[in-house]
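The values are calculated or read from the model by the stated rules, or taken from the named source; none is laboratory data. Because the structure is predicted, anything quoted here is derived from the model rather than measured. FYI the Cβ positions are ideal-geometry reconstructions off the backbone, even for glycines, and counts take in every protein chain you see.
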Amino acid sequence: MKITVFTPTFNRAYILENLYNSLQSQTYTNFEWLVIDDGSTDNTAELFNNWIRENKLHIRYHRVENGGKHRAINKATDLASGELFFIVDSDDYLTEDALESIVQWEGTIENKEEFCGVSGNRGKSKTDLWGTTFEGEYIDASSLERNKKNITGDKAEVFYTKLLQKYKFKEFEDENFITEATVWNRMAADGYKIRWFNKTIYICNYLNDGLTNNMKIIFANNPRGTAYYINQQIKYYQCNFKGKLSYYNLYFELVKEKLGLRKAAKYLEVNPIIILSAFMLVSCKKLLTGR
């Protein structure tokens, strides 16, 4: 099996058919659709039972207790049969040649041991791109070089399954979210590149009940995972003292109503005085500048 298309889903029965139809329309067919149902209470299970009986796609459906997308990915990478692992969310869908494009571009990589995967673009449509991109057909760069290379916004990353089996997401008890960037950036920090190709293969419009539109609340409700991400950013981007203070203030602004100063400092593994200083400096700057 060349590709595992992986979909984590929670109460998305009302929209999953769009993705199902787009997978049936793929010009490349050597793939499986692996689905982790993260404790849905709607008719998701019934929907997949019907589609499995139709036998139009190779579908593997697993239902688990609600634990968040990152836990679903961790489980799915162990279950996956594909050489490549492509996360496609339940409210999105693919262009008809998406998987064919992935296979073609992955085939152009000669020194595969230096790469963790390939990536196309995401768009509102084939012609309306999310974020920004570079000029030309493709570029090789790590996830940590994205801003420098003008590769901004959400992209359609596809990773080698064997690497994702090695680079698992951190799981914090009683928390159900950690940003995917924590794993993508770990691979980048270890030297792995992605071949970014300049073609839109993934169509998405962010829904009101989705992760993206609720990101501030989600970061605040998962403070240990967020602290892990903040410290990772400071380390990987080699922030100076001013940069560190900026990140510490950002974290405290997110979690202060939920945690308070001392617990925020504990999760960041710094002295509370440092966070308080960062918060006061930013507050004074806002007073002075009016921003």
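Overview of results
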quantity: Filter pass, LYS258 being in contact with a helix residue (DSSP H, G or I) (Cβ under 6 Å, 6 or more places away or on another chain), within 18 Å of MET215 (Cβ to Cβ), of a type in the set (Lys, Arg) and not assigned by TED's automatic domain parsing to the domain that holds ARG186; calculated: yes
quantity: Failed criterion for LEU16 (all others in (1) more than 19 Å from SER101 (Cβ to Cβ); (2) without any contact (Cβ under 8 Å) to a residue 40 or more places away in the chain hold); calculated: (2)
quantity: Wholly enclosed strands (runs of 3 or more DSSP E) of the stretch 75-166 bearing at least 2 residues under 30 Å from ASN11 (Cα atoms); calculated: 84-87, 115-123, 155-160
quantity: Matching option when the condition is surrounded by fewer than 19 Cβ atoms within 10 Å (Cβ to Cβ), within 15 Å of the chain's Cα centre (by Cα) and either farther than 10 Å from TRP196 by Cβ or assigned by TED's automatic domain parsing to the domain that holds ILE234 (or both), among LEU129, LEU164, LEU144; calculated: LEU144
quantity: Any hit, the stretch 33-41, residues being hydroxyl-bearing (Ser, Thr, Tyr), buried (at least 22 other Cβ atoms within 10 Å of the Cβ) and touching a Ser or Thr at 6+ places or on another chain (Cβ under 7 Å); calculated: no
quantity: Any chance ILE87 is farther than 21 Å from VAL5 by Cα and at pLDDT 95 or above; calculated: no
quantity: Output for the stretch 36-74, where each listed residue is of a type in the set (A, V, I, L, M, F, W, C) and assigned to a strand (DSSP E or B); calculated: ILE36, ILE59
quantity: MET187, sole failed condition from (1) on the phi > 0 side of the Ramachandran plot; (2) crowded, with 20+ Cβ neighbours inside 10 Å; calculated: (1)
quantity: Among the candidates ASN176, ASN121, ASN198, residue that is closer than 20 Å to ASN74 by Cα, among the polar types (S, T, N, Q) and in contact (Cβ under 8 Å) with a residue 40 or more places away in the chain; calculated: ASN176
quantity: Within the stretch 147-161, tally of residues that are of a type outside the set (Asp, Glu) and buried (at least 20 other Cβ atoms within 10 Å of the Cβ); calculated: 7
quantity: The stretch 1-28: number of residues that are of a type outside the set (Gly, Ala, Ser) and surrounded by fewer than 18 Cβ atoms within 10 Å (Cβ to Cβ); calculated: 11
